[in-house]
Amino acid sequence: LISQGTARRSLILFVLPALVVYLAFAVLPLLLSVIQSLFDSSRDGTSTFIGLANYFYLFTHEVVSARFWNALFNNAKYFAIHVLVEVPIGLLLAAMLTSGALRTSEGVYRTILFIPATLSVVIVGFIWRLIINPLWGIVGFPLLGNAVTALPTISLMGVWQYFGIPMVFLYSALIAIPNDLVEASRIDGASPWRTFWSIKFPLIVPQFGLIVILTFIWTFNGFDLVFALNGSAPGPNYSTDILGTFFYRTFFGSSGQVADLDLGATVATVIFTMMLAVTALYFWLVQRRLRTHML
Amino acid sequence: MRSMGTSFAAMTLGVSLVAMAVPALAQTTLTLGSWRTEDLAVWQDQILPAFNAAHPDIKVEFAPINTNEYNAAIQSQIEGGAGPDLITCRPFDVNNEWIQRGYFASLEGVAALGHFTDTAKAAWTWDGATYCVPVAAVLAGYYYNVDIFNELGLTPPATMAEFTALLQKIKDSGKYEPLALGSAESWQLAYNNLYSFGPAYWKGEEGRLGLIDGSKKITDPEFVAAFQAFADLKQFLPAGQESIAYADMTQLFTLGRAAILPDGSWNINQVTSTGLNVGVFGPPAAEAGGQRYLQEMPDMAIGINAKSANVEAAKVFLDWVAGAEFQQLYVNTAPGFFAMSDQAIKYENKLAQDFANLKTDALLTPRLALDRLSAGTPPLDDEIWRLLQVMYTTDTTAAAATEELQKGLSSWYAPQK
């Protein structure tokens, strides 16, 4: 038999490789970025500690703070559209796939519906840009050139690409529901509608909550689709600017904007803190209290 | 044993040959850092052999770095003391920063620098001293479909009023779009449009330098007039222009559906790719008999690393780079690039030669807002892109746009406070 001391030692040994990688490539850069946000680098390569001055600048500078709040607000809209459109579509399709109505073709539909999620964003952006192009496409209205419609248009492209993710996620939760529960409800005379909302949905609420919070993380880390379509200063008039592009512009600079690494680190820290707070709050207040029904 | 003897003999022979060769050549080797990875073959096969024909004692190694990493890589190399002897210089603010960090050796003694005007050297000059020898610039103008012009009996315009009348005629014909122009990509509204015809209003360098030293404001009448001229062109844009991107514009033109494409010289190969009969005209004068201006945007130059051990050899090389032989060679390897010196250069590409001819009797000026005016927050160049796009996608007027630009600039740029 292995003594407790040996067990603990081998436990540490087994955890160590993953821990080292995690610390070196996730925690350390994060900490360095937080530390950098407290410094101001000058031309001769020296850095001076300036406390929270970068944060003060970010939240009070007339132009910079206006762009930041604009990006945050746009990002909230970007998230809202994804949650209100993508997740329900995913749920609907997952429910249809598991309803049994498709019989043997279930696998075919599942595959076809998931294909967009495997495409590159650059391709998705390019195809959609052509489809809605007023010159060559099927829509005469300049959807991407109008400050009101541009962000919803890009969001819906993202929805089109990624609805397969919540679909597959919820699908796997739905097929895990034991058949006898569903059969029992049918014997009791419940309609399919009633069966879904009273039996199946309550059983997958934890997964549903998780996909909502994952969508939050993905959209607030969003960058690629907007960048592929509209570049790093996404117009018109920054109407499609989200936190990812705002950070990119600050940290790497753009055509005319000089890169500011310290301020970029500040922006990154603010985004990270915000996402950490929301996610932690969700897990603490909501997910913890959800219980998978005793089966 | 015998084979060893042979190789020993060969070695002795080799050594003595090298020993004989050394005093004859006494070669200095220079490395040249560049972001033009695509130019490697050109340098090795054409440019460097030409240089060595005149200067066999100086060997130059062309050492390109990936374009996107160039600035960061060259900065860390130079600061670590391992930079190349010769550095390819970015225009304006990046280079101003490099000069102030002391990256460059003085160019004193490079006589051929005299072939360049102050405007040509402006992008690489700080406090009156020039640190890089200009290599190439890009120009901006108007490509036009010669067949459409012939069909409708049109000739390139000399004034802005003629330009507007010409666009109206094309629009009235109902067969073609007058301008292949859209506002989905804001950069080209500035670089290929406002900065192209605008100098006719703000008098090129007079206006540009006036903004830099604070003696002029963007709200001054000449700048507002330029923005107004920009606004006046909106009626000639194709339907749905708000989401027509740069690639769409080029296609609209190359498919023969639009008569005129406001664009840069770098697009020469694309606009002629479909075999279209393409001509080019320069930005018109503001009024009849007025001065013509042309945007000449400095793109690259070469300077000497202050830490190089071979500064004298580097000066010899740069003296050659500033001369006609190099300038002629280089611009013909990449159509769309133009020499910036006052020496006569021949372009083999016909459209490139037409473009170069536009320089005759036009005053040259670089893009308006890239020198100093964009080195703070908000950067003027970015703001101009944004507001030009806003003008084409909403009802914002020239007066309102220029006012917002001036407000942004004077919030941080000391001479404008």
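Since every read-out is calculated from the coordinates, none of them should be taken as a lab result. This structure is a prediction, so every number in the text was calculated from the model and none was measured. Using ideal geometry, Cβ is built from the backbone for each residue, glycine included, and neighbour counts are taken over all protein chains shown.
Condition check for B:ASP127 on (1) out of contact with any Leu (no Cβ under 8 Å at 6 or more places or on another chain); (2) within 14 Å of another protein chain (Cβ to nearest Cβ); (3) on the phi > 0 side of the Ramachandran plot: one failure, at (2).
Results for (1) touching a strand residue (DSSP E or B) at 6+ places or on another chain (Cβ under 6 Å); (2) part of a helix (DSSP H, G or I); (3) within 22 Å of A:ASN75 (Cβ to Cβ), shown as yes or no for each residue.
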position	(1), (2), (3)
A:PHE196	no, yes, no
A:PRO206	no, yes, no
A:GLY209	no, yes, yes
A:PHE216	no, yes, yes
A:GLY222	no, no, yes
A:PHE227	no, yes, yes
A:SER232	no, no, yes
A:GLY235	no, no, yes
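Of the helices (runs of 4 or more DSSP H) entirely within segment B:293-397, those holding at least 1 residues that are within 11 Å of chain A (Cβ to nearest Cβ) occupy B:380-393. Scan segment B:251-275 residue by residue and report those that are assigned to a helix (DSSP H, G or I) and closer than 22 Å to B:GLU296 by Cβ. Once the filter is applied, which keeps residues that are assigned to a helix (DSSP H, G or I) and closer than 22 Å to B:GLU296 by Cβ, segment B:251-275 yields B:SER265, B:TRP266, B:ASN267, B:ILE268, B:ASN269, B:GLN270, B:VAL271.
Within segment A:126-144, does at least one residue satisfy the condition of being in contact with a Phe, Trp or Tyr (Cβ under 7 Å, 6 or more places away or on another chain), more than 14 Å from chain B (Cβ to nearest Cβ), in a helix (DSSP H, G or I) and more than 21 Å from A:PRO206 (Cβ to Cβ)? No.
Condition check ((1) under 20 Å from the mean Cα position of the chain (by Cα); (2) more than 13 Å from every other protein chain (Cβ to nearest Cβ); (3) among the hydrophobic types (A, V, I, L, M, F, W, C)) across all residues:
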| site | (1), (2), (3) |
| --- | --- |
| A:SER198 | no, yes, no |
| A:PHE201 | no, yes, yes |
| A:LEU214 | yes, yes, yes |
| A:ALA228 | yes, no, yes |
| A:PRO236 | no, no, no |
| A:THR240 | yes, no, no |
| A:LEU243 | yes, yes, yes |
| A:THR269 | yes, yes, no |
| A:THR279 | yes, yes, no |
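Consider segment A:111-125 and keep the residues that are out of contact with any helix residue (DSSP H, G or I) (no Cβ under 6 Å at 6 or more places or on another chain) and assigned to a helix (DSSP H, G or I). The one that is farthest from the other protein chains (Cβ to nearest Cβ) is A:THR111. Being within 14 Å of chain A (Cβ to nearest Cβ), acidic (Asp, Glu) and within 26 Å of B:ALA137 (Cα to Cα) narrows it down to one residue among B:GLU185, B:GLU206; which is it? The unique qualifying residue is B:GLU185.
Looking only at residues in segment B:99-130 that are over 17 Å from the mean Cα position of the chain (by Cα), in contact (Cβ under 8 Å) with a residue 60 or more places away in the chain and part of a helix (DSSP H, G or I), the one that is surrounded by the most Cβ atoms within 10 Å (Cβ to Cβ) is B:LEU113.
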